[in-house]
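Below is one structure, written out as structure tokens; the observations come after it.
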Amino acid sequence: MKIALAQINPTVGDFTGNTSKILEFASRAAGQGAELVVFPELCVCGYPPADFLEKASFLDRAQQAVDEIAAWTSTPGRPALLVGSVLSSGSTAGKRVSNVAVLLAEGKIAFTQRKMLLPFYDVFDEQRYFEPASSQSLTFVGSQPVAITVCEDAWNDKDFWPRQLYPIDPVDSLMAKWQASSASLDGHPRLIVNISASPFHQGKPAVRQSMLAAIAQSHNAFVLLVNQVGGNDSLVFDGSSLLLDPTGTVVARGACFEEDLVVVDLPDTTEAAPAPCDEVAEVWKALVLGTRDYVRKCSFSKVLVGLSGGIDSALVAAIAVEALGAENVVGIGMPSEYSSLGSIEDARSLARHLGIRFELLPIHDVFAQFQKVLEPLFVGLPFGLAEENLQSRTRGALLMALSNKFGALVLTTGNKSEMSVGYCTLYGDMVGALAVIGDVYKTRVYELAHYVNREREVIPHNTIEKPPSAELRPDQRDTDSLPPYEVLDPILQAYVERYLSAEQIAAEQNVDPTLVRSVLRLVEQSEYKRQQAAPVLKVTQKSFGTGRRFPIAVKVQV
């Protein structure tokens, strides 16, 4: 049987656009002789739909879209389609909605498989909305039996994970039914199909592949996964759809971070699959795709980036150009009396290398006027943090004025190291619509900068080589306030992402416990800032945002 893996980029709530895309890919697959076309989880409505699921009108549109897609299959010779959607649970108790995979053939819904395992951790909140399936069944596409699962239903293999999150394994249950029916299914390859909306983080594509390989080997089955691609708010979906044979070998792979259509012929799969992206390239592609989709799905086309001459703003500008094109990116330099001439020239050089418009708005006079207004209240007090932050807030006000005037989104430039310890200014460098590198530690920022420069100098070498500084007072360096980033970042990763204690971190990393505790106190004291930050593109296992939930008003011993 010829099967098409239709890896598409849907938009939440865009039923017309999503339906059109599904039918476009279905037509392309039909032209290549596909008998079944498999699409991602919730592709009809977009993922994650969140509280739109509480609206009856949203559910009605989902049903109408499914009916429209089903009608396409009524023409003889067209393939069956497996699509993800939300449909009424049909239950008189519990949740009104189910997350479903619907098999559409001959103009109607031929089979429905409801999702059984509903994740309720990290960024997932599916138990809030969906009624889980009470059972699962095998179905047929033509004469080929198929075991259909929805995303999390394939993520509970007791032989792969050290600890199961759920008491049941839907794949095991389906394969037990296959075994019980083996006499009637003889001669057909075992086929497990999983439709997914599996968000990206560093290392996840490799884990996903290893997990599916274990399932394929354990059940002597072909395993086919079609994953969503694209950005939706903070989440980025990498695609990387897979077909593995019963030995666990990848025999087909969708592109990473791009829409793709891959047609395979079971059981004759002989073509070698392309290699996956390496880790730094994965993160780069994720940030580019997340930025592009956030801007465009919010109905904007242009962005503003405050260019300081530092590495963070340089990286964000490079990402924006790759995502949106140089003609849609404007760099704004806003030097103060503490900005070095070298930093201004570095910002100009970056803009030239990227081919973007660059405007210089010195803030000295505006900052001086602020100081004059505040002088009666600040009299006799030394220059300090208030004045430093006032420079940043002056820049933030100018950026937002330009945003309002020209209809361009502001991209914030703070990295994860800074957001972790509060080395950022509310209503200053934190203003904007999207925190592009808010989940990228400073040490990874440097790695990405070198990746950007892999073929030619884009980010000026001086920007990469000079000591990082906020340039808010004379001769300021980040190390005046923070440990070196090569020391700081491992501490932050252990605490923010792995929840290790100060004692565990000090022992693991052979670092002074006093230093560790001072860093952790900064993390805890800065929660109020992070909860007012722009959405952060998630590229690590634990990012700031919906997947990491802590109260603000606390007293924590670190």
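Below is a table of values for the structure above.
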{"item": "All positions within the range 82-118 that are in contact with a helix residue (DSSP H, G or I) (Cβ under 9 Å, 6 or more places away or on another chain) and farther than 26 Å from LEU23 by Cβ", "result": "LYS95, ARG96, MET116, LEU117, LEU118"}
{"item": "Residue in the range 286-294 that is buried (at least 17 other Cβ atoms within 10 Å of the Cβ), over 24 Å from PHE25 (Cα atoms) and touching a residue at least 40 places away in the same chain (Cβ under 8 Å) present", "result": "yes"}
{"item": "Tally, over the range 276-298, of residues that are among the small types (Gly, Ala, Ser) and touching a Gly at 6+ places or on another chain (Cβ under 6 Å)", "result": "1"}
{"item": "Close pairs (9 angstrom Cβ cut-off, 6 or more residues apart or separate chains): within 15 Å of PHE237 (Cα to Cα) in the range 42-54, assigned to a helix (DSSP H, G or I) and polar (S, T, N, Q) anywhere", "result": "CYS43/ASN18; GLY46/ASN18"}
{"item": "The range 334-350, subset in contact with a helix residue (DSSP H, G or I) (Cβ under 8 Å, 6 or more places away or on another chain) and among the acidic types (Asp, Glu), residue nearest to ILE311 (Cα to Cα)", "result": "ASP346"}
{"item": "All strands (runs of 3 or more DSSP E) inside the range 1-119 with 2 or more residues being farther than 20 Å from LEU225 by Cβ", "result": "80-88, 97-105, 108-114"}
{"item": "Subset of the range 351-408 [of a type in the set (Phe, Trp, Tyr), touching a residue at least 40 places away in the same chain (Cβ under 8 Å) and in contact with a helix residue (DSSP H, G or I) (Cβ under 8 Å, 6 or more places away or on another chain)]", "result": "PHE358"}
{"item": "Odd one out for ARG477 among (1) crowded, with 16+ Cβ neighbours inside 10 Å; (2) touching a Pro at 6+ places or on another chain (Cβ under 8 Å); (3) not aromatic (Phe, Trp, Tyr)", "result": "(1)"}
{"item": "Hey, ARG208 modelled with pLDDT of 95 or more and either under 21 Å from the mean Cα position of the chain (by Cα) or crowded, with 17+ Cβ neighbours inside 10 Å (or both) or not", "result": "yes"}
{"item": "Boolean, GLU486 is in a loop (DSSP other than H, G, I, E, B) and either modelled with pLDDT of 90 or more or closer than 22 Å to ALA320 by Cβ (or both)", "result": "no"}
{"item": "Among the candidates GLN493, GLN532, residue that is of a type outside the set (A, V, I, L, M), outside any loop (DSSP other than H, G, I, E, B) and either touching a residue at least 12 places away in the same chain (Cβ under 8 Å) or surrounded by 14 or more Cβ atoms within 10 Å (Cβ to Cβ) (or both)", "result": "GLN493"}
{"item": "So THR92, is it more than 33 Å from the chain's Cα centre (by Cα), farther than 24 Å from ASN220 by Cβ and polar (S, T, N, Q)", "result": "yes"}
{"item": "Lone unmet requirement of (1) without any contact (Cβ under 8 Å) to a residue 60 or more places away in the chain; (2) under 21 Å from ASN9 (Cα atoms); (3) among the charged types (D, E, K, R) for ARG190", "result": "(2)"}
{"item": "Conditions (1) at positive phi; (2) crowded, with 21+ Cβ neighbours inside 10 Å: number failed by GLY203", "result": "(2)"}
{"item": "Meets criteria (under 24 Å from the mean Cα position of the chain (by Cα) and crowded, with 16+ Cβ neighbours inside 10 Å) for TRP155", "result": "yes"}
{"item": "Pairs, first small (Gly, Ala, Ser) in the range 324-343, second in a strand (DSSP E or B) and surrounded by 20 or more Cβ atoms within 10 Å (Cβ to Cβ), C-beta under 9 Å, six or more apart", "result": "GLY331/LEU304; GLY331/VAL305; GLY331/GLY306; GLY333/GLY306; SER339/GLY333; SER343/GLY333"}
{"item": "Options GLY310, GLY384, GLY333, GLY325; residue that is farther than 27 Å from LEU235 by Cβ and surrounded by fewer than 20 Cβ atoms within 10 Å (Cβ to Cβ)", "result": "GLY384"}
{"item": "Failed condition for ARG454, given (1) surrounded by fewer than 18 Cβ atoms within 10 Å (Cβ to Cβ); (2) modelled with pLDDT under 95", "result": "(2)"}
{"item": "Single residue of the range 94-130 satisfying the filter (surrounded by fewer than 16 Cβ atoms within 10 Å (Cβ to Cβ) and aromatic (Phe, Trp, Tyr)) that is farthest from GLN64 (Cα to Cα)", "result": "TYR121"}
{"item": "Residue list for the range 26-40, restricted to those being under 13 Å from VAL263 (Cβ atoms) and surrounded by 23 or more Cβ atoms within 10 Å (Cβ to Cβ)", "result": "ALA26, ALA29, ALA34, LEU36, VAL37, VAL38"}
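The values are calculated or read from the model by the stated rules, or taken from the named source; none is laboratory data. Quick caveat, the model's predicted, so the values are computed rather than measured. Cβ sites come from the backbone with ideal geometry, for glycine too, and all protein chains shown count toward neighbours.
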